């Protein structure tokens, strides 16, 4: 597939690639060169506040696990069996 470099260094990504990657308008892409190959990789950007809140939730769960307040399951099946009991 050919793409043409246009004014302001813009290119149009062929629709087949857009569909295959599941991209939508506004998605962020990391474009880089690796070993002589140009790569385009979809990325997700999270706000720093969101990551900090997520980190705090994870820390809280770790404390609950250590104290025994939060049960730990060996498998997803064990978790589902416990949920079905309740």
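Taking a quarter of the surface of the Cα convex hull of segment 15-86 gives a mean projected area of 9.6 nm². Here is how the number arises for the chain: DSSP H runs of 4 or more residues each give -39500 (n - 2.57), the sum is divided by the residue count, and the result at 222 nm is -13500 deg cm²/dmol.
Helix 76-85 and the longest principal axis of the C-alpha atoms of the chain enclose an angle of approximately 50°. Label sites at residue 82 and residue 50, each approximated as a point 7 angstrom past Cα along Cα to Cβ, lie 2.9 nm apart.
Would you mind calculating the relative contact order of the chain from Cα pairs under 8 angstrom and at least 6 residues apart, reporting the percent as a whole number? Over the chain, the number comes to 12 percent.
Here, each number is a calculation from the coordinates, and none is a lab measurement. Quantities reported herein were computed from a predicted structural model and do not represent experimental measurements. Counting neighbours? That spans all protein chains shown, and the Cβs are built from the backbone with ideal geometry, glycine included.
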